[in-house]
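Notes follow the structure.
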């Protein structure tokens, strides 16, 4: 049986089902602002009840993509389908999507209650129904006692919840969240991530979130799309994105990684072993990939997959390199060792500090062996 | 620090220069003597004279009507102009438009006044109350536009987007979200427009006609004849009204500011 | 990207009213009058009401329009030294006043910017407050002070600086005009200077001092150059209207105080020569085009 990449968060994967109909479809979307192409011929499917993240650096076009879905921008080319219907030209106030803004955009002249009721009032719902729905929302975000407050009488975390309640009040088909936790401090952010996931699962909604924070995207998402310069580089589950990036860009953008450039010197079997020579360092990789001898590729391995030892490895089936400890970063739970190889390249190895006390701590200038099994790293062709 | 003594001196002299002439003017309005340099004791005589001067009272009434009307129309037009400048990006003729907003701020009044007069004459419009009102609307709307524009520039657009996103159409969004939030700037613009209209002599002189003599025109014609305590009294009344208006406005703004600070304290306490 | 206009894609007729209404108003009541002024400045004086030969009479007369125009009024302006002198004198008075305003306004603005943050709003309000008071009233206030039997004479006589029969002779002279202008325009100079100085990061001066630059030198090397936008804005806001000033030279100046705004007024109300007054206005406007353009560019940069 094939091994799995990382833990399985929930049994939900419509994207692997060829018969599944996408809930939202971006079809060959291009958006230009003057000469600048913000989004370039992008196609993307999102499924119902999915928690989907768009991850990328600022200026990559992710916010523009979200704003096109909300209706604040119209695509220059292509179309957006919601449940199979083209929503181009539908103004934002007639779209069944709601958005939670990065700045929260709470109306400062209205109380919490009025903010949450605002969207419902636009639909001319009966007063009683509005009141009931507001109550329900306040309860959902645990702000019942703050109904009469104005936004500036709330803390950052409370405002974030009001914004969430307001955007959920109309029970949108899709909730768009623009950097929803960006303004919160680290501790609160972590708590809120899990709350968001609970709310999404309990209400059975589709969440579409834009973020530049990879940790946030990894934690909350069913799938992540990594964007760069207006195109999507990879769409996959968080574990796939981390353990099986499809390009140097994704590998480098998510987490910490060693990338060794090299040439394929031999391929054996399928799924076989790719041997590559990276300026004197021979690396063997067990992986299914389309390479032939002579290809220029990169070998990528995460620092935590590299083992470090003062003794030479006994096994010959593992990859091993030898070098000098050049720098050490102590992070508490982990220590990162920067090891300098004979050709002056640096390989990082992260070692968990599992014991409080060690007999012989590794220190600067020590010559160490770095080893990793053949399936620990990955060959990148892009 | 040495410079703080210097600064205090400069500020004292500067404010003395700005305020002493006005204070003298106010003080001498209560002078019983007709002579400016002789203090004849405290008296409200000149205020009674002003009150019973029908010509002055008529002029004041005209000025008030012109001011209220032109400030109100000017505020509507100026707010629209500010929206156009801030929100409409590039539109045909934008350069000319923003030029026409900024130019009246520095344009010598004799030019504005003369050119408007010639327009009214060319169009065959009888000069009077309405021509002064139109003239005042034209130059005050530019001041309103500048005041409102600077507020709109710091306005968080995502508030309007949030309203649209929640199903509120654009025009409704303007009235429920944008306008309430920029209202202080709009009111400040109105105050400014009203005061400018109240103060204007030159443009009103050109564009007025029979039966529409404004207070500044009246005052000017008397000032040319010399200093009289009666004029001091009218001036004092005007100064008093304007000062009262400014003080009331700034106190109410101060209270809003205090409330905001208090709210933030409440928020900080609730942070946990 | 996020700040691109959101609703441009949902154009509606109501949307365009927002631009169209103020635009048309300004075209009709601000731009159109300038063409009329230009046109009338090119027509002949007539003794009638209105006192000029209408150049524009229906659409049939468009043909005649250009043939009736002449440069007579402009030629007259160059021939009569009164007008040339008025222009030069206006520019001279405006220039000197602007320099005086800078000299007086800068220390005040600097002192305000260096004052404790708690009292700054009060200081700003104190500078603005006189501005809310009528221009006419403020000029009038100086008449009582400056006139020969006025309060200044009284004060100087009381302290013994002047003999009991001597009087201060500055009312109805250029000096009185300068005092009036500086007094009336001071808030307009101080506020732009203050907003430029107030924005300045205090650590810049500390850095300069730390690098061995003494305070006075630091002022000239750091503070002043950084306040230049305020200096330019303040100077333009004062210079342009002062050039066309009427009330101050009329009430405080003497018969020999020539200013173009006053000349225009006299031409218009006194001599009832509308075409000539228009020609004066056109030339005044031309003289001010450059400073107005500088002012507008400055405003755009601030925005």
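The values are calculated or read from the model by the stated rules, or taken from the named source; none is laboratory data. These numbers come from a predicted model, not from an experiment. Please note: Cβ atoms are built from the backbone with ideal geometry, for glycine as well, and neighbour counts cover all protein chains shown.
Among the residues in the stretch C:224-232, are any within 14 Å of chain B (Cβ to nearest Cβ), over 21 Å from the mean Cα position of the chain (by Cα) and assigned to a helix (DSSP H, G or I)? No; the residues of the stretch C:224-232 include none that is within 14 Å of chain B (Cβ to nearest Cβ), over 21 Å from the mean Cα position of the chain (by Cα) and assigned to a helix (DSSP H, G or I). Residues in the stretch C:246-298 that are in a helix (DSSP H, G or I), more than 23 Å from residue C:73 (Cα to Cα) and either in contact with a strand residue (DSSP E or B) (Cβ under 7 Å, 6 or more places away or on another chain) or more than 7 Å from every other protein chain (Cβ to nearest Cβ) (or both): C:248, C:249, C:250, C:252, C:290, C:291, C:293, C:294, C:297, C:298. Could you tell me whether any residue of the stretch B:193-203 is under 15 Å from residue C:247 (Cα atoms), more than 18 Å from the chain's Cα centre (by Cα), more than 14 Å from chain A (Cβ to nearest Cβ) and buried (at least 19 other Cβ atoms within 10 Å of the Cβ)? The answer is no, given that none of the residues of the stretch B:193-203 is under 15 Å from residue C:247 (Cα atoms), more than 18 Å from the chain's Cα centre (by Cα), more than 14 Å from chain A (Cβ to nearest Cβ) and buried (at least 19 other Cβ atoms within 10 Å of the Cβ).
Yes/no matrix, rows are residues, columns are (1) surrounded by fewer than 15 Cβ atoms within 10 Å (Cβ to Cβ); (2) out of contact with any helix residue (DSSP H, G or I) (no Cβ under 9 Å at 6 or more places or on another chain); (3) farther than 30 Å from residue B:205 by Cβ; (4) without any contact (Cβ under 8 Å) to a residue 24 or more places away in the chain:
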| site | (1), (2), (3), (4) |
| --- | --- |
| C:186 | no, no, no, no |
| C:205 | no, no, yes, yes |
| C:212 | yes, yes, yes, yes |
| C:225 | yes, yes, yes, yes |
| C:237 | no, no, no, no |
| C:251 | no, no, no, no |
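Here's the yes/no breakdown for (1) over 23 Å from residue A:181 (Cβ atoms); (2) within 9 Å of another protein chain (Cβ to nearest Cβ); (3) under 28 Å from the mean Cα position of the chain (by Cα):
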position	(1), (2), (3)
A:119	no, yes, no
A:125	yes, no, no
A:139	no, no, no
A:144	no, no, no
A:164	no, no, yes
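Please go through the stretch A:170-203 and pick out each residue that is within 13 Å of residue A:52 (Cα to Cα) and out of contact with any helix residue (DSSP H, G or I) (no Cβ under 9 Å at 6 or more places or on another chain). Of everything in the stretch A:170-203, just one residue is within 13 Å of residue A:52 (Cα to Cα) and out of contact with any helix residue (DSSP H, G or I) (no Cβ under 9 Å at 6 or more places or on another chain), namely A:201. Of the residues that make up the stretch A:103-110, is at least one in contact (Cβ under 8 Å) with a residue 24 or more places away in the chain, at positive phi and outside the structural domain of residue A:199 (by TED's automatic domain parsing)? Yes: the stretch A:103-110 contains one or more residues that are in contact (Cβ under 8 Å) with a residue 24 or more places away in the chain, at positive phi and outside the structural domain of residue A:199 (by TED's automatic domain parsing). Of the residues screened, residue C:107 is one that is touching a helix residue (DSSP H, G or I) at 6+ places or on another chain (Cβ under 6 Å) and farther than 24 Å from residue B:38 by Cα.
Counting only strands (runs of 3 or more DSSP E) that sit wholly inside the stretch A:290-382, those with at least 2 residues that are free of Cβ contacts under 8 Å to residues at least 60 places away in the same chain and in contact with a helix residue (DSSP H, G or I) (Cβ under 9 Å, 6 or more places away or on another chain) are A:334-341, A:346-352. Looking at A:68, A:110, A:100 in this structure, which one is surrounded by fewer than 19 Cβ atoms within 10 Å (Cβ to Cβ) and within 25 Å of residue A:183 (Cβ to Cβ)? From the options A:68, A:110, A:100, the qualifying one is A:110. Restricting attention to the stretch B:216-234, and to residues there that are part of a helix (DSSP H, G or I) and at the interface with chain C (Cβ under 9 Å from one of its Cβ atoms), which single residue is farthest from residue B:113 (Cα to Cα)? If we take residues in the stretch B:216-234 being part of a helix (DSSP H, G or I) and at the interface with chain C (Cβ under 9 Å from one of its Cβ atoms), then B:232 is farthest from residue B:113 (Cα to Cα). Condition check: touching a residue at least 40 places away in the same chain (Cβ under 8 Å), more than 30 Å from residue C:219 (Cα to Cα), assigned to a loop (DSSP other than H, G, I, E, B) and in the same structural domain as residue C:248 (by TED's automatic domain parsing). Does residue C:161 satisfy that? Answer is no for this residue.
Inspection of the stretch A:41-51 finds a residue satisfying the criterion of being over 25 Å from residue A:200 (Cβ atoms), away from chain C (no Cβ under 14 Å), in contact (Cβ under 8 Å) with a residue 60 or more places away in the chain and not in a helix (DSSP H, G or I). Being under 13 Å from residue A:213 (Cα atoms) and touching a helix residue (DSSP H, G or I) at 6+ places or on another chain (Cβ under 8 Å) is the filter; apply it to the stretch A:54-73 and report the residue that is farthest from the other protein chains (Cβ to nearest Cβ). Out of the qualifying residues, it is A:55. Within the set of pairs 6+ apart or on separate chains, which have a first residue in the stretch C:6-21 that is facing another protein chain (nearest Cβ under 7 Å), a second that is surrounded by 14 or more Cβ atoms within 10 Å (Cβ to Cβ) and at pLDDT below 70, and C-beta atoms under 8 Å apart? That search, which allows pairs on different chains as well, returns nothing.
Taking the criterion of being in contact with a strand residue (DSSP E or B) (Cβ under 9 Å, 6 or more places away or on another chain) and outside any loop (DSSP other than H, G, I, E, B), the residues of the stretch B:18-44 that qualify are B:31, B:42.
Matching residues to (1) surrounded by fewer than 15 Cβ atoms within 10 Å (Cβ to Cβ); (2) at pLDDT 90 or above; (3) touching a strand residue (DSSP E or B) at 6+ places or on another chain (Cβ under 8 Å):
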residue: A:7; (1), (2), (3): yes, no, no
residue: A:13; (1), (2), (3): yes, no, no
residue: A:34; (1), (2), (3): yes, no, no
residue: A:37; (1), (2), (3): no, no, yes
residue: A:57; (1), (2), (3): yes, no, yes
residue: A:61; (1), (2), (3): no, no, yes
residue: A:87; (1), (2), (3): no, no, yes
residue: A:92; (1), (2), (3): no, no, no
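Each row is one residue, and each column tells you yes or no for (1) modelled with pLDDT under 85; (2) touching a helix residue (DSSP H, G or I) at 6+ places or on another chain (Cβ under 9 Å); (3) surrounded by fewer than 21 Cβ atoms within 10 Å (Cβ to Cβ); (4) more than 9 Å from chain B (Cβ to nearest Cβ).
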| site | (1), (2), (3), (4) |
| --- | --- |
| C:44 | yes, yes, yes, yes |
| C:56 | yes, yes, yes, no |
| C:64 | yes, no, yes, yes |
| C:74 | yes, yes, yes, yes |
| C:80 | yes, no, yes, yes |
| C:94 | no, yes, no, yes |
| C:102 | no, yes, yes, yes |
| C:113 | no, yes, no, yes |
| C:118 | no, no, yes, yes |
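When residue A:228 is tested against the conditions (1) buried (at least 17 other Cβ atoms within 10 Å of the Cβ); (2) in contact with a strand residue (DSSP E or B) (Cβ under 7 Å, 6 or more places away or on another chain); (3) closer than 30 Å to residue A:35 by Cβ, the lone failure is (2).
Here residue B:11 fits the description: more than 30 Å from residue C:25 (Cα to Cα) and within 29 Å of the chain's Cα centre (by Cα). For the stretch B:199-215, the set of residues classified as outside any loop (DSSP other than H, G, I, E, B), modelled with pLDDT of 90 or more and closer than 17 Å to residue B:65 by Cα consists of B:203, B:204, B:205, B:207, B:215, listed by residue number.
For the stretch A:118-223, the helices (runs of 4 or more DSSP H) that sit wholly inside it and include 3 or more residues that are touching a strand residue (DSSP E or B) at 6+ places or on another chain (Cβ under 9 Å) are A:156-168, A:186-203, A:214-220.
Of the numbered criteria (1) under 29 Å from residue A:239 (Cα atoms); (2) in contact with a helix residue (DSSP H, G or I) (Cβ under 8 Å, 6 or more places away or on another chain), the one residue A:140 fails is (1).
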